[in-house]
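One structure is given here, and the rest of the page talks about it.
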Amino acid sequence: MAKTAKRHRCIDCGSTTARWVGRCPTCGEWNTLVEESQLGPLVRAVDALDLSMMPVPLSSVDVSEAVAVPTGVDEFDRVLAGGLVPGSVTLLGGEPGIGKSTLLLQVLAARAAAGHRVLLVSAEESAHQVRLRAERLGPIPPGLLILSATDIGAVITAVVESEPDLVVIDSIQAVAISPAVPGERRAAGVPGSVTQVRECADQLVGLAKSRRVATVLVGHVTKDGALAGPRTLEHMVDTVLSFEGDRHHALRLLSAVKHRFGPTGELGLFEMGDLGLNRVDDPGRLLLGDRLTGVPGGVVLPAVQGRRTLLVELQALVTPMGQAQAKRSVVGLDGGRLVMTLAVLGRHAGLLLPSMDVFASVAGGIRVTEPAADLAVALAVASSAAGKALPPNLAAVGEVGLSGEIRQATNLPRRLEEAARLGFDQVVVPASSPEGPGGIELIRVGTVSEAMTRFACRP
Ligand code: TYD
Ligand code: MG
């Protein structure tokens, strides 16, 4: 008798195959395929019984509970358009070590200090470690509860029993569903696997909605996607926040990638110090503080990040090539745009750099990928190649087109205002630009070649 093929599911990545194979064709893991019928339903700890499952007129839906409650950490609330909504689920993603735990500990402490009961589920650090960290950050309010656990059942019990109005799970990769049968760990996937992360998140989303507790899930993600688990949760949660920065710099940027309760354009700025994260009121000080003027290769760019305008220093270094092949390397910039800008400089301004290495970077750990940075990159490269410094109070903004033309950048008035505020009195802009604010001289250029002639950087 022919054996009928049974569907199998990979307990690591969750993909299915029509028959059993030794190695999952999707994630490449060995011995992870289990017959679907044998997986059985995973036990849900959330009481799913809900008697309010009847349709109601949309106009009668109560919206009062969808009001954001401020946490007390201003920059965090600003990005969330007010604060956390009861019953909502927020995913905070970021690279390991960037400061996610620190930020949320501060959020919890601020909320608890305002008289709320809040719960930190620490699945990575012991309660002892968390207390030591919390002491560095300030007084610990009595309403801040901690549970050091990794089992999702224990987490759910703790939330139901202690009734907090804010719970933080740090991190979603470290919590897991215990196997029904001890020793049968692989049956539901290892902690941190896509299956486990999704299943735990699903239960926590159910809990957040049924108990109306604002929930924040911490997810470690890396730029190269090495820790991809939390990315698969983005559609399940209400809000996705991204915490970024360069570990070697103090500046941290918080932005909303997705937000069901408000706009996503805001940017929160923090500085990591010895006593935790502090709001940055004047990013110009942090970003331009160590700038050297009178040196070739540097120019300031008024960059737009969300709703903020940040003045950043753009630097380029052109040196004779160190290896057999000329290098083009960027930090905080789009590498493809650098190569394109160099091609335009070569073709339309006669600046050919075939045997030179070209490095371009944004100081301070900020990432600028907008086309509006092109003109500043072109000027910095030309300035370094010519060994001629640009004026110290010069900023530049504009997109470089393939014919060497300088095109308009978005939000020009905002950029010019910020440049004027920080004392920049000359700004190189596209020829089509309208008048700028008082006190600023606009240097209008139509082409890259014109810009280089203006600053005597032509080869
Ligand atoms: P952490 O919040 O543990 O990062 P994550 O949860 O994203 O992995 O923060 C990690 C770094 O922050 C750590 O290297 C130490 C540093 N840090 C400070 O510089 N100052 C402080 O007050 C704290 C608490 C941490
Ligand atoms: Mg952490």
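The values are calculated or read from the model by the stated rules, or taken from the named source; none is laboratory data. Since this is a predicted model, take the numbers as computed values, not measurements. Every residue, glycine among them, receives a Cβ derived from its backbone with ideal geometry; neighbour counts consider all protein chains shown. Surface accessibility is based on the protein's heavy atoms, side chains included, excluding ligands, DNA and RNA. Shrake-Rupley method; radii C 1.70, N 1.55, O 1.52, S 1.80 Å.
Please list the three semi-axes, largest first and in whole Å, of the ellipsoid equivalent to the stretch 340-459, using sqrt of 5 times the eigenvalues of its alpha carbon gyration tensor.
On the way: eigenvalues 102, 47, 39 Å².
After scaling each eigenvalue by five and taking roots: 23, 15, 14 Å.
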(message) Starting from a Cα-only point model with no solvent, please compute log10 I(q)/I(0) by Debye for the stretch 284-422 at q = 0.15 1/Å.
(response) -0.68
(message) Based only on Cα atoms, what mean projected area does the convex hull of the stretch 390-459 have, in nm²?
(response) 4.6
(message) For Val69, what residues show an amide H to amide H distance below 5 Å, using hydrogens built from the backbone and excluding near sequence neighbours?
(response) Leu84, Val85
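Would you calculate the volume per residue, in Å³, of the smallest convex hull containing every Cα atom of the chain?
On the way: hull volume 102.4 nm³, N = 459.
It is 223 Å³ per residue.
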(message) So with the 1.4 Å probe, I'd like the accessible area per residue for the chain, rounded to whole Å².
(response) 47
(request) Leaving ligands, DNA and RNA out of it, report the carbon-plus-sulfur percent of the accessible area of the stretch 68-281 at a 1.4 Å probe. (result) 53
(request) Mind ranking 54-60, 382-388 by how tightly packed they are, going by the mean number of other C-beta atoms within 10 angstrom, highest first? (result) 382-388, 54-60
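Using a Förster distance of 51 Å, how high is the FRET efficiency between Arg347 and Arg19, based on the Cβ-Cβ distance and rounded to 0.05? Don't jump to the answer; show the numbers that get you there.
Values: r = 57 Å, r/R0 = 1.11.
Plugging the Cβ-Cβ distance into 1/(1 + (r/R0)^6) gives 0.35.
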(request) Positive end of the charge dipole of the chain (Lys, Arg +1 and Asp, Glu -1 on Cβ, about the Cα centre): tell me which of Asn31, Pro392, Val190 has its Cα farthest that way. (result) Asn31
(message) Starting from the 7 Å offset along Cα-to-Cβ, what nm value, one decimal, do you get for the label separation of Ser148 and Gln408?
(response) 5.9
(request) Please work out how many pairs of lysine residues in the chain are eight or more positions apart (or on different chains) and have Cα atoms closer than 23 angstrom. (result) 6
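Want the number for Arg444 to Arg291: 0.36 nm per residue separation, take away the alpha-carbon distance, what's left? Could you put the intermediate results ahead of the total?
Values: separation 153, 0.36 × 153 = 55.08 nm, distance 2.50 nm.
Roughly 52.6 nm would be gained on extension.
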(request) Can you pull the one-decimal nm distance between simple spin-label points at Arg131 and Asp62, each 7 Å off the Cα toward Cβ? (result) 3.9
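Any idea what the dipole of the chain comes to, in debye rounded to 20, about its Cα centre with Lys/Arg Cβ at +1 and Asp/Glu Cβ at -1? Intermediate results must be reported in sequence, preceding the final value.
Details: 44 positive and 47 negative charges, 211 e Å.
In debye, rounded to 20, the chain gives about 1020.
What is the ratio of the Cα radius of gyration of the stretch 227-331 to 2.2 N^0.38 Å, where N is its residue count, to two decimals? It would help to have the intermediate numbers written out before the result.
Working: Rg = 17.9 Å, N = 105, 2.2 N^0.38 = 12.9 Å.
Relative to the rule-of-thumb radius for its length, the stretch 227-331 sits at 1.39.
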(message) Counting only protein heavy atoms and a 1.4 Å probe, tell me what percentage of the stretch 285-454's accessible area is made up of carbon and sulfur.
(response) 52
(message) Using amide H atoms built in the peptide plane, which far-off residues or other-chain residues are under 5 Å from Leu92 H to H?
(response) Leu217, Val218, Gly219, Leu241
(request) Output ³J(HN,Hα) for the stretch 253-270: one whole-Hz value per residue in order, computed from phi by the Karplus curve 6.51 cos²θ - 1.76 cosθ + 1.60 with θ = phi - 60°, and x for Gly and Pro. (result) 10, 10, 9, 9, 8, 8, 8, 6, 10, x, x, 10, x, 6, 10, x, 10, 10
(request) May I ask you to rank Asp357, Asp165 by accessible area, largest first, using a 1.4 Å probe over the protein chains only? (result) Asp165, Asp357
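Would you compute, from DSSP H runs of 4+ residues alone, the mean residue ellipticity of the chain at 222 nm, taking -39500 (n - 2.57) per run and dividing by the full residue count, rounded to the nearest 500? Mind showing how you got there, number by number?
On the way: 11 runs with 115 residues, N = 459.
About -7500 deg cm²/dmol.
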(request) Return the whole-Å distance between the Cα centroid of the stretch 64-122 and the Cα centroid of the stretch 331-374. (result) 38
(message) For a quick check: with amide H placed at 1.01 Å from N, whose amide H comes under 5 Å from Ala303's, ignoring anything fewer than 5 positions away on the same chain?
(response) Leu310, Leu311, Val312
